[in-house]
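Chemist: Just passing along the structure, written as structure tokens.
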Amino acid sequence: MRVHADRDRCMAAGHCAVTVPGVFDHGDDGLVVVVDEKPGEDFLEELELAVDLCPSRALSLSREEAPG
């Protein structure tokens, strides 16, 4: 799984950093920073919640296919 944050869309609401602090933080400008771009599956529920809570829709998740 890969996490992406569009800083151009971010409005610094802070829901992401509060919901999943091990994955998101805020930069000096108050905008989202992804600190763990490839978190483990154990974060999936919290990440989906953070995506849903983001008022500017700046967050997205993508599944990476396993090599095979």
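The values are calculated or read from the model by the stated rules, or taken from the named source; none is laboratory data. Computed from a prediction, not measured in an experiment: that's the story for all the values here. Cβ sites come from the backbone with ideal geometry, for glycine too, and all protein chains shown count toward neighbours. Quick note on the areas: whole protein, heavy atoms, side chains included, nothing else; ligands and nucleic acids left out. Shrake-Rupley method; radii C 1.70, N 1.55, O 1.52, S 1.80 Å.
Chemist: Run the dipole for the chain about the Cα centre, Lys and Arg Cβ at +1, Asp and Glu Cβ at -1, nothing else charged, and hand back the magnitude in debye, nearest 20.
Modeler: Here the size comes out at about 220 debye.
Chemist: A further question on this structure: Take the solvent-accessible surface of the protein heavy atoms, probe 1.4 Å, and return the percent of it on the chain that carbon and sulfur atoms account for.
Modeler: Heavy-atom surface of the chain belonging to carbon and sulfur, 1.4 Å probe: 48 percent.
Chemist: Before I look further, what does the stretch 13-68 give for accessible area per residue, probe 1.4 Å, in whole square angstrom?
Modeler: In whole numbers, the stretch 13-68 has 64 Å² accessible per residue.
Chemist: Another question, then. In Å, what Kirkwood hydrodynamic radius results for the chain from the alpha-carbon pair distances?
Modeler: The Cα-based Kirkwood calculation yields 11.9 Å.
Chemist: With angles folded into 0 to 90 degrees, how steeply does helix 44-53 sit against the dominant principal axis of the chain? Use alpha carbons for both and round to 10.
Modeler: It is inclined by approximately 30 degrees.
Chemist: State, as an integer percentage, the relative contact order of the chain based on alpha-carbon contacts under 8 Å between residues 6 or more apart.
Modeler: 44 percent
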